[in-house]
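Working notes, structure below.
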Amino acid sequence: MYFEHIYERGLAQSSYFIACQETKEAIVIDPKRDIDTYLKIAGRKYKITHITETHIHADFLSGSRELANATGAEIYLSDEGGDEWQYQFPHKGLKDGDVIKVGNIKIEVLHTPGHTPEHISFLLTDTKNSDKPLMIFTGDFVFVGDVGRPDLLEKAAGIKGTMESGAREMFKSLKKFKALPDYIQVWPGHGAGSACGKSLGAVPSSTVGYEKIVNWALRTDNEEEFVQRLLGGQPEPPKYFKMMKHLNKKGPDVLKEISLPKKLSVDEFRKAMQEGFYVIDTRDKNSFAKEHIEGTINIQNNNAFSTWAGWVLKYDKPFVLIASDEKIEEINKKLIRIGLDNCSGYFDDINKLKENGFRTSSIEVLSLEEMKNKMNNSFVIDTRNKSEYNEGFIPGSHHIFAGYIEDNFEQIPKDAGIITYCASGDRSGIAASILKAKGYKKVTNFMLGFDAWEKAGMRVEKGEKVLINS
């Protein structure tokens with residue numbers, strides 16, 4: 001058996017390429033949309049004959065249809081979960097107990113609802129070497145140190161009443177997992193940094209036995225306690241998750257090839273700004289704060305770029321980028337992985353724009369001492385997750401998660417000095433740039449953030465407080 005783990009750091013997403021070395025047939029589990037990775041692995045040695053998914057994904061756009069179009073492979077998808085949870089494009093349906101054969105590799109389907117009603121996991125046996133299963137591919141069922149969150153359908157997709165029922169389904173599904181032999185390797189769908197859980201481990205894989213020892217969910221035997229712990233403290237689900245669910249259910253568009261965004265002329269860039277396009281400056285937060293084109297929004301090209309693009313951008317409205325020629329291919333892939341195919345182009349140098357009459361602006365970055373002096377006469381916004389805020393915040397601050405800034409303009413006074421902060425400056429930088437782009441003049445960023453504030457021994461408030469956004 002040939003096995004390769006493919007990890008996309010931006011979305012902390014795992015996919016898997018598995019092949020029978022005797023028959024040269026291969027299967028890909030949970031492929032991402034930029035499929036060149038799998039085609040390169042297969043090369044001339046293996047033929048991709050099977051493609052499958054653990055569930056209808058919320059955090060990335062599936063590459064199953066893209067890969068099937070390129071290879072002619074058959075797509076195998078869950079038919080569990082009821083009528084509302086059926087994929088709406090051609091595939092071979094899978095039910096609990098079904099078996100997929102890929103040469104000498106046997107893959108048994110386990111229905112493991114909880115994260116979503118249709119969720120399945122795959123138990124792999126390399127029959128050439130053993131009649132015992134060796135690996136389980138758990139998708140968003142069991143992670144290293146955690147389990148999949150059941151609240152996304154309600155919070156992100158708007159399907160009411162599914163959080164608690166999902167948590168109880170997860171409790172039942174875990175009994176199947178506990179019954180597996182301890183030696184079986186566990187290969188999950190996500191790692192640390194994913195929004196699909198709250199405390200995912202950083203190591204890529206585990207074993208059933210290890211998870212029984214360290215995973216809180218597998219050590220909690222009381223169902224009521226389990227439900228409360230699983231639902232409590234989950235991070236805000238990105239807005240784009242709802243769109244991902246919709247697109248992955250009906251079937252994402254097949255690109256056939258990935259084309260780069262157009263490089264814009266100065267006049268084309270000017271026209272885009274005049275027509276109200278979102279302009280995303282992908283430079284680092286310090287460069288943006290020092291100087292940027294007025295009206296632009298900063299989303300740094302780092303590991304969180306895809307997620308924050310999904311928070312800020314709209315799927316039905318075009319946008320343009322400020323990005324270097326060297327980085328545009330990488331950035332474009334990060335966008336198409338969540339279905340943001342509506343980029344109208346990019347411009348590579350703000351100095352050229354300045355030379356052609358574009359006005360620039362800046363965002364003052366506060367030191368610890370400046371924060372202490374200004375905070376009492378400013379409207380201070382904590383842009384972290386609600387759970388982080390509840391555990392401690394800078395006195396007098398208002399909670400508005402960075403992803404909800406645009407939903408709360410009416411709560412933010414335009415004539416007051418505004419200070420944004422988060423843990424270490426990334427989220428507050430995005431929030432500050434949005435406020436500046438929308439006409440707020442007196443915006444500053446305490447980029448050192450709450451972590452530095454607390455470490456310096458400054459006073460921190462805890463306990464219940466009315467939040468602007470919850």
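The values are calculated or read from the model by the stated rules, or taken from the named source; none is laboratory data. No experiment lies behind these values; they were computed from the predicted model shown. When we count neighbours, we look across all protein chains shown, and the Cβ atoms used for this are built from the backbone with ideal geometry, even at glycine.
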Exercise. Only one of (1) in a loop (DSSP other than H, G, I, E, B); (2) crowded, with 22+ Cβ neighbours inside 10 Å fails for Gly276. Which number is that?
Worked result: (2)
For this session: Keeping to the range 202-250, report how many residues are assigned to a loop (DSSP other than H, G, I, E, B) and out of contact with any strand residue (DSSP E or B) (no Cβ under 9 Å at 6 or more places or on another chain).
Result: 14
For this session: State yes or no: is Ala58 among the small types (Gly, Ala, Ser), assigned by TED's automatic domain parsing to the domain that holds Glu8 and over 22 Å from His111 (Cβ atoms)?
Result: no
Exercise. Could you give every pair whose Cβ atoms fall below 6 Å, whose first residue belongs to the range 275-292 and is within 20 Å of Asn342 (Cα to Cα), and whose second residue is among the small types (Gly, Ala, Ser) and part of a loop (DSSP other than H, G, I, E, B), counting only separations of at least 6 or pairs across chains?
Worked result: Thr282/Ala323
For this session: Being part of a strand (DSSP E or B) and buried (at least 19 other Cβ atoms within 10 Å of the Cβ) is the filter here, so list the residues in the range 345-364 that pass it.
Result: Gly345, Tyr346, Phe347
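Just to confirm my filter: which strands (runs of 3 or more DSSP E) fall fully inside the range 46-148 and include at least 2 residues that are modelled with pLDDT of 95 or more and touching a helix residue (DSSP H, G or I) at 6+ places or on another chain (Cβ under 7 Å)?
Counting at least 2 such residues, we get 47-52.
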Problem set entry | Residue satisfying condition, being at pLDDT below 95, at negative phi and either surrounded by 13 or more Cβ atoms within 10 Å (Cβ to Cβ) or outside any loop (DSSP other than H, G, I, E, B) (or both), within set Ile468, Ile430, Ile434 | Ile468
Exercise. Does any residue of the range 376-396 turn out to be among the acidic types (Asp, Glu) and touching a helix residue (DSSP H, G or I) at 6+ places or on another chain (Cβ under 7 Å)?
Worked result: yes
Problem set entry | Boolean, Ser397 is at pLDDT 95 or above and in contact with a His (Cβ under 7 Å, 6 or more places away or on another chain) | no
Exercise. Just a yes or no: is a residue in the range 365-387 touching a strand residue (DSSP E or B) at 6+ places or on another chain (Cβ under 8 Å), charged (D, E, K, R) and at pLDDT below 95?
Worked result: yes
For this session: Say whether the condition of being touching a Ser or Thr at 6+ places or on another chain (Cβ under 8 Å) and surrounded by fewer than 22 Cβ atoms within 10 Å (Cβ to Cβ) is met by at least one residue in the range 59-70.
Result: no
For this session: Kindly check whether there is at least one residue in the range 5-19 that is touching a Lys or Arg at 6+ places or on another chain (Cβ under 9 Å), surrounded by fewer than 17 Cβ atoms within 10 Å (Cβ to Cβ), in the same structural domain as Lys155 (by TED's automatic domain parsing) and among the basic types (Lys, Arg).
Result: no
Exercise. Can you name the number of the only condition in (1) crowded, with 24+ Cβ neighbours inside 10 Å; (2) over 30 Å from Ser306 (Cα atoms) that Ile184 fails?
Worked result: (1)
Exercise. Of the conditions (1) in a strand (DSSP E or B); (2) closer than 22 Å to Gly82 by Cβ, Val186 fails just one. Which one is it?
Worked result: (2)
Seminar exercise, completed: Taking the range 36-47 and the residues there that are under 28 Å from the mean Cα position of the chain (by Cα) and surrounded by fewer than 24 Cβ atoms within 10 Å (Cβ to Cβ), the one that is nearest to Ile105 (Cα to Cα) would be Ala42
For this session: Could you list all residues from the range 189-201 that are part of a loop (DSSP other than H, G, I, E, B) and either touching a helix residue (DSSP H, G or I) at 6+ places or on another chain (Cβ under 9 Å) or surrounded by fewer than 16 Cβ atoms within 10 Å (Cβ to Cβ) (or both)?
Result: Gly191, Gly193, Ser194, Ala195, Cys196, Lys198, Ser199, Gly201
For this session: Provide a single number: the residues in the range 409-427 that are crowded, with 16+ Cβ neighbours inside 10 Å and assigned to a helix (DSSP H, G or I).
Result: 2
Exercise. Any idea which residue in the range 365-389 is surrounded by the most Cβ atoms within 10 Å (Cβ to Cβ), counting only those that are in contact (Cβ under 8 Å) with a residue 40 or more places away in the chain and either assigned to a loop (DSSP other than H, G, I, E, B) or polar (S, T, N, Q) (or both)?
Worked result: Thr383
